[in-house]
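Data block below; observations after.
Only the coordinates and a few stated rules stand behind these numbers; no lab work does. What you see is a predicted model; the values in this text were computed from it and never measured. With ideal geometry, Cβ positions are generated from the backbone for all residues, glycine too; neighbour counts draw on all protein chains shown.
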Amino acid sequence: MNVTSKDGSIIGVEVAGDGPPMVLVHGTTATRARWAPVLDRLASRFTVYAMDRRGRGLSTAETVPYDIGREGEDIAAVAEWAGGDVLVVAHSYGSLCSLEAALVTSAIGRMVLYEPPAAGTSPPPGILDTPDPATMLEMFYRQVLRVSEADLAVIKTTPMWQIRLAAAPTMPREYEAVTAFEVSDRLSAIEVPVRLLLGTLSPPSFRPMAERLAGLLRSAEIVELPGQDHLAIDRAPELFTEAVLGFCPR
């Protein structure tokens with residue numbers, strides 16, 4: 001299905017399952033396919049709306065210029081279409097987009113945010129200078145996510161790697177948005193409960209960001225994923241799903 005965002009951009013959404021509404025928001029260099037390892041588990045309890053963020057997948061009919069605030073409007077449009085009181089589950093950069101959404105809509109009932117990137121940080125030198133998407137992605141996995149060479153070799157054999165290559169041109173604008181993202185009292189206007197997921201083996205930059213957000217949001221908690229890093233959705237889908245479902249009212 002398609003949802004029209006505030007600026008006229010068309011946001012494509014895949015719908016699965018039956019139950020209360022859940023909107024899934026993927027991170028950098030991904031599409032809705034990012035959620036494949038956990039989609040069936042989540043759809044057993046929820047009507048899941050897995051959206052493609054603008055500029056990729058089903059959402060290439062995009063109005064310019066780019067702004068993370070417009071990403072927030074996209075999520076808000078999907079949440080409102082889904083009927084309100086939505087559980088938003090977001091990964092990485094999608095978590096920052098979801099914070100923007102919670103500032104502009106009342107359709108979000110609660111959020112699970114898995115490792116928002118550290119606002120105000122610049123990308124590692126050279127990562128955005130290469131014109132080759134494969135090299136850019138490899139540098140991102142090595143330098144930012146600190147994935148081992150053995151794990152990277154496996155990741156590059158998966159269908160998701162080709163999807164990430166196609167989405168790689170969106171990486172520079174998202175890095176710019178991370179650098180400029182404002183973590184301030186403005187976020188205290190978000191009143192919905194928020195669970196911040198944090199892998200115990202994740203790169204150290206994610207923890208200070210989670211702690212900053214927990215101190216600003218009105219109702220937030222940090223929940224650790226033992227033995228996991230930034231990729232628990234792939235590595236430990238049952239653990240990730242439990243962390244999400246455990247935040248839901250019974």
Check: C-alpha center segment 1-47 vs C-alpha center segment 200-236, spacing in Å is 22
Going 7 Å from the Cα of L128 along its beta-carbon direction, which residues of segment 42-71 have the amide nitrogen within less than 16 Å of the resulting point?
66-69
Where q = 0.09, 0.14 Å⁻¹, what log10 of I(q)/I(0) comes from the Debye formula for segment 1-122, counting one point per Cα?
-0.20, -0.50
Quick one: net charge of P21's neighbours, Cβ under 12 Å, K/R +1, D/E -1?
-1
Under a Gaussian network model of the chain whose springs join Cα atoms within less than 10 Å, the largest fluctuation of I163, I11, I190 belongs to I163
Would you compute, from DSSP H runs of 4+ residues alone, the mean residue ellipticity of the chain at 222 nm, taking -39500 (n - 2.57) per run and dividing by the full residue count, rounded to the nearest 500?
-10000 deg cm²/dmol
GNM flexibility winner over the chain from S148, S122, S92 (Cα, springs under 10 Å):
S148
Full extension from R146 to Q162: what is 0.36 nm times the residue separation minus their Cα-Cα distance, to one decimal in nm?
3.8 nm
When a footprinting reagent is the concern and you count Cβ atoms within 10 Å, what order do V154, V3 take, fewest first?
V154, V3
What are the extents of the Cα atoms of the chain along their three principal axes, in Å, largest first?
42, 40, 37
Full extension from D85 to D18: what is 0.36 nm times the residue separation minus their Cα-Cα distance, to one decimal in nm?
22.6 nm
What order, most packed first, do the peptides 14-25, 218-229 have when packing is the mean number of other Cβ atoms within 10 Å of each residue?
14-25, 218-229
Mean-square fluctuation check for the chain, GNM, Cα pairs under 10 Å: which of S95, S106, S44 is largest?
S44
Scan around A220 for amide H atoms under 5 Å from its own, H built in the peptide plane at 1.01 Å from N, and keep only partners 5 or more places away or cross-chain.
V194
